[in-house]
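All remarks here apply to the structure that follows.
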Amino acid sequence: MRLLATTLLIAAACSLTAALPAGPASAATAYGENLLKNPGAESGAPGALVPRWETDTDFTVVPYGSPGVPSLKQGKSIDGGRQLFSTGPYSMDFDACGLGVQFIKIKQRDKDIDSGKVRVTLQGYLGTKSISDQATVTIQFRDGNNHQVGSKQLTIGPVSTAGKLLEDTASRTVPDGTRILRVQLLGNPVEQTCDAFFDNLSVVLELR
Ligand SMILES: [Ca+2]
């Protein structure tokens, strides 16, 4: 009887442990991991909205090797999977390039960020259809109310590659007051030349 009671007690303790909600440490935004969702354009269908990204005009995913898109060989050389992001061509209707945006909410890292201890690294492959196009990725730093913090941002590119994909990386200290990262994939609307491509993007926070 005592053995049975002990067994039941252990079983109850085990199920209690399993039912406990995750502690504060696991709820905090991870350091050392890619924080972007769908970072390689593998989710979603060509011509459709892109899962996890907010998009404007013709921004979508496209398969490697389709007309005007980096080749299958290019895709393979960067381990790019089946698809990559595309801004699409310049939109005369909207007077703009297609745009892809993802917001990353940083949880429970306020103290680290506000004491200047957190570094962000932005990395990815960028390319364009023609040499007159430009591809750029930027991170804007936002406070808890989604207002921009200062004027600094983090940028990779612009690149103009005419079919190739080039890797670029940049990093900086996250400005104090930052609670949200706004990651933006864009062409060059000023020159009205879009057709920019992106793949294998990453945004990683690290504690210094
Ligand atoms: Ca991909």
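The values are calculated or read from the model by the stated rules, or taken from the named source; none is laboratory data. Please read these numbers as outputs of a predicted model, since none were measured by experiment. Glycine also receives a Cβ, built like all others from the backbone with ideal geometry; neighbour counts cover every protein chain displayed.
In region 160-185, which residues are among the hydrophobic types (A, V, I, L, M, F, W, C) and modelled with pLDDT of 95 or more? Listed by number, the residues that qualify are 165, 166, 170, 174, 180, 181, 183, 185.
Within region 166-206, the set of residues being among the aliphatic types (A, V, I, L, M) and either over 22 Å from residue 37 (Cβ atoms) or touching a Ser or Thr at 6+ places or on another chain (Cβ under 9 Å) (or both) comprises 166, 170, 183, 185, 186, 190, 196, 203, 204, 205. The criterion of at least 3 residues that are touching a residue at least 40 places away in the same chain (Cβ under 8 Å) and surrounded by 15 or more Cβ atoms within 10 Å (Cβ to Cβ) is met, among strands (runs of 3 or more DSSP E) falling completely within region 119-208, by 135-142, 166-173, 180-186, 196-207.
Residues that are within 16 Å of the ligand (Cβ to nearest atom) number at least 3 in the following strands (runs of 3 or more DSSP E) confined to region 54-113: 60-63, 83-86.
Of all residues in region 28-47, those that are closer than 28 Å to residue 108 by Cα have Cβ atoms under 8 Å from Cβ atoms of residues that are among the acidic types (Asp, Glu) and more than 12 Å from the ligand (Cβ to nearest atom), 6 or more apart or on another chain, in 31/206; 32/206.
Being surrounded by 18 or more Cβ atoms within 10 Å (Cβ to Cβ) and either among the acidic types (Asp, Glu) or under 15 Å from the mean Cα position of the chain (by Cα) (or both) is the filter here, so list the residues in region 88-103 that pass it. Residues satisfying the conditions are 99, 100, 102. Considering only region 24-44, state which residues are within 16 Å of the ligand (Cβ to nearest atom), over 19 Å from residue 97 (Cα atoms) and not in a strand (DSSP E or B). Listed by number, the residues that qualify are 36, 37, 38, 39, 40, 42, 43, 44.
Summed over region 160-189, the residues that are at negative phi, more than 18 Å from the chain's Cα centre (by Cα) and of a type outside the set (Lys, Arg) give a count of 6. Is it fair to say residue 47 is in a loop (DSSP other than H, G, I, E, B), of a type outside the set (Asp, Glu) and surrounded by 13 or more Cβ atoms within 10 Å (Cβ to Cβ)? The answer is no for residue 47. With respect to the stated conditions, residue 107 fails to be surrounded by 13 or more Cβ atoms within 10 Å (Cβ to Cβ) and in contact (Cβ under 8 Å) with a residue 12 or more places away in the chain. For region 17-69, the candidate set comprises residues that are hydroxyl-bearing (Ser, Thr, Tyr) and touching a strand residue (DSSP E or B) at 6+ places or on another chain (Cβ under 7 Å); within that set, the residue that is modelled with the lowest pLDDT is 57.
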